[in-house]
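The values are calculated or read from the model by the stated rules, or taken from the named source; none is laboratory data. This structure is a prediction, so every number in the text was calculated from the model and none was measured. All Cβ positions, glycine included, derive from the backbone under ideal geometry; neighbour counts span all protein chains shown.
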Amino acid sequence: MGANKNMGYNIFPSTDNHTSMAAALAGKLLKARNESLNESMSDFEGSANHLEKIKSIEGIEFINDSRSTSVNAAWFALESMTKPTTWIMSINDREAISDELIEIIKEKVHHIIVLGVFNPEISELMEDLGKTVDFSANLEEAVRAAFYASAFGDAVLFAPGTTSFGMYRTYRERGEKFKEAVAQL
């Protein structure tokens, strides 16, 4: 064997191999881009668990925004409301409620159902804003209370403003439970 003989192996890929590798890489990049785009698109209004219109019952529209896992996200959900709103929320920390959230509550919300443990500070704050407040121990009870607190032309918005604190594994599961509770009305 002479020097630099590679025994029939081409250590430098041919142009055809470069083209195949480039095509494979482009395909992978396109797939990753499409997955990223699909994920981004799911954040827009009408996607599952984000301002998702569930159904209308007796002229009351039920909207699922279980994806609202922060106070800021709940503010955005409330900001998008165009009808008088009964808000099902889970914010139980008075300090978490900003002045901006208070202003949007004044403007858009007529009734509040707090999903969770009774907190006199939350109750007092909302009543000081002139809002009726009820506390519910579970989602089914909260949905029923919201339905009976609403009138034709109103909306019921489920935008918790917090994580589920172990009640549900994910906001998706919580959103599915909301849909099930609405279906039971």
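Quick look at the values:
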quantity	calculated
Residues being modelled with pLDDT of 95 or more and over 21 Å from residue 138 (Cα atoms) - total across the stretch 81-98	4
Filter result (part of a helix (DSSP H, G or I) and surrounded by fewer than 15 Cβ atoms within 10 Å (Cβ to Cβ)) within the stretch 150-185	172, 173, 180, 183
